[in-house]
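Here's the structure, in structure tokens; my notes come after.
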Amino acid sequence: MATPHIEVNDKELFAKTVLMPGDPLRAEFIAKTYLTDVVKINNVRNMFGFTGYYKGKKVTVMGSGMGMPSIGIYSYELFNVYDVDNIIRIGSCGSYSPKINIYDVIIASSAYSESSYAKVAYDYDENILNANEELNNALNVSAKKLGFSVFNEIIHSSDVFYRAHGNVFTDVRDRFGCVAVEMESFALFANARYLNKRAACILTVSDSLVTHEVTSSEERQKSFNKMMEIALDAAI
Ligand code: HPA
């Protein structure tokens, strides 16, 4: 049952809910900081995955890599081969809105993308795909319980990080109502829809395309912790 990208031979090594940061070293940090009885389950391409226990409940944390092709591969294999039911992406994003500041936390209600991923993979014509409502409800309940405020908004899933000068984001923001940009959730939501599974995405704002502010590493860690605690609480 090992896949070309994941060397795990026993499905039981995966929890039913997987948290996916982009960075595999962040997966390691989350596992070491928050989980007990941690087992490292994947090393292929250094895309580390860890399964452990959060408040007694089994949870897996694994890196997705950057961009839709990468999360597309890993999330497909988790859902389809390892019987994972829920994937919650925990990532960073750039703000498109003067109302959304660095360190704010956003739960994606849906993702707009100009990517061809969903069309090519599944012949889906939509350019907006939704997160799973139950997972989003669980994330909102956890945020409230922990006393953290969050935004629930549509986000832009982009294939492009660097653009020609003058090629502005305001068009996407104003046409589709996207408040922030990241690069993975549209493919994750497409896979979940096709495979009849559940996916959500919670993001911390790491930079602003409006004010050009960027986060300091210490503050970034603090606000990432907030997001991770919400995701872990929702996962159990
Ligand atoms: N663009 C795309 N993805 C991102 C950004 C950005 O500015 N910031 C964090 N993830």
Check your understanding: Does region 3-23 hold any residues that are charged (D, E, K, R) and either assigned to a loop (DSSP other than H, G, I, E, B) or under 17 Å from the mean Cα position of the chain (by Cα) (or both), and which are they?
Key -> Glu7, Asp10, Lys16, Asp23
Study note, to complete from the structure: Out of (1) more than 30 Å from Val8 (Cα to Cα); (2) crowded, with 20+ Cβ neighbours inside 10 Å; (3) among the aliphatic types (A, V, I, L, M), the one Ile128 does not meet is (2)
Exercise for review: Give region 68-85 a look and list any residue that's among the small types (Gly, Ala, Ser) and within 11 Å of the chain's Cα centre (by Cα), or say none.
Suggested key: Ser75
Review point. Taking region 27-68, which residues are touching a strand residue (DSSP E or B) at 6+ places or on another chain (Cβ under 8 Å) and in a helix (DSSP H, G or I)?
Key: Ala27, Glu28, Ile30, Ala31, Lys32, Tyr34, Met68
Exercise for review: Being open to solvent by 10 Å² or more (accessible area, probe 1.4 Å) and in contact with a Ser or Thr (Cβ under 9 Å, 6 or more places away or on another chain) is the filter here, so list the residues in region 90-99 that pass it.
Suggested key: Ser92, Ser97, Pro98
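Within region 208-236, work out how many residues are over 17 Å from Leu135 (Cβ atoms) and open to solvent by less than 50 Å² (accessible area, probe 1.4 Å).
Qualifying residue count for the region: 5.
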**Study point:** Near pairs, Cβ below 6 angstrom, 6+ apart or cross-chain, from region 203-232 (over 18 Å from Glu184 (Cβ atoms) and away from the ligand (no atom under 12 Å from the Cβ)) to any residue that is part of a strand (DSSP E or B) and open to solvent by less than 60 Å² (accessible area, probe 1.4 Å)
**Key:** Ser223/Thr204; Leu232/Tyr54
Practice item. List every residue pair whose Cβ atoms lie under 6 Å apart, where the two residues are 6 or more positions apart in sequence or sit on different chains, the first residue falls within region 34-47 and is more than 22 Å from Lys226 (Cα to Cα), and the second residue, located anywhere, is in a strand (DSSP E or B) and not aliphatic (A, V, I, L, M). Key: Asp37/Gly52; Asp37/Tyr53; Val39/Thr51; Lys40/Phe50; Ile41/Gly49; Ile41/Thr51; Asn42/Gly49
Check your understanding: If we scan region 64-84, do we find a residue that is touching a Gly at 6+ places or on another chain (Cβ under 7 Å), under 17 Å from Met183 (Cβ atoms), at pLDDT 95 or above and open to solvent by 40 Å² or more (accessible area, probe 1.4 Å)?
Key -> yes
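Which fully enclosed helices (runs of 4 or more DSSP H) of region 122-198 have 3 or more residues being within 16 Å of the ligand (Cβ to nearest atom) and under 14 Å from the mean Cα position of the chain (by Cα)?
Details: elements: 133-146, 170-176, 185-195.
Those helices (runs of 4 or more DSSP H) span 185-195.
Condition (residue is touching a Ser or Thr at 6+ places or on another chain (Cβ under 6 Å) and either modelled with pLDDT under 95 or under 30 Å from His156 (Cβ atoms) (or both)) applied to region 22-36: is it met by at least one residue?
Of the residues in region 22-36, the ones touching a Ser or Thr at 6+ places or on another chain (Cβ under 6 Å) are 22.
Subsequent filtering for residues that are either modelled with pLDDT under 95 or under 30 Å from His156 (Cβ atoms) (or both) retains 22.
Yes, region 22-36 has at least one match.
Tell me the residue from Ile106, Ile71, Ile90 that is part of a strand (DSSP E or B), out of contact with any Pro (no Cβ under 7 Å at 6 or more places or on another chain), of a type outside the set (Phe, Trp, Tyr) and touching a residue at least 24 places away in the same chain (Cβ under 8 Å), please. Steps first, please.
On the way: Ile71 fails: part of a strand (DSSP E or B); Ile90 fails: out of contact with any Pro (no Cβ under 7 Å at 6 or more places or on another chain).
Of Ile106, Ile71, Ile90, the one residue that is part of a strand (DSSP E or B), out of contact with any Pro (no Cβ under 7 Å at 6 or more places or on another chain), of a type outside the set (Phe, Trp, Tyr) and touching a residue at least 24 places away in the same chain (Cβ under 8 Å) is Ile106.
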Exercise for review: Give the residues of region 100-125 that are at positive phi and open to solvent by less than 60 Å² (accessible area, probe 1.4 Å), sorted by residue number.
Suggested key: Tyr103
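Being touching a strand residue (DSSP E or B) at 6+ places or on another chain (Cβ under 8 Å), of a type outside the set (A, V, I, L, M, F, W, C) and at pLDDT below 95 is true for just one of Tyr103, Tyr112. Which residue is that?
Details: Tyr112 fails: at pLDDT below 95.
Sole residue among the options that is touching a strand residue (DSSP E or B) at 6+ places or on another chain (Cβ under 8 Å), of a type outside the set (A, V, I, L, M, F, W, C) and at pLDDT below 95: Tyr103.
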Practice item. Tell me which residues, restricted to region 86-103, are under 15 Å from the mean Cα position of the chain (by Cα) and away from the ligand (no atom under 16 Å from the Cβ). Key: Asn86, Ile87, Ile88
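The values are calculated or read from the model by the stated rules, or taken from the named source; none is laboratory data. Quantities reported herein were computed from a predicted structural model and do not represent experimental measurements. In this analysis, Cβ positions are derived from the backbone assuming ideal geometry, glycine residues included, and neighbour counts consider all displayed protein chains. Protein only, heavy atoms only, side chains kept; ligands, DNA and RNA dropped before computing areas. Shrake-Rupley method; radii C 1.70, N 1.55, O 1.52, S 1.80 Å.
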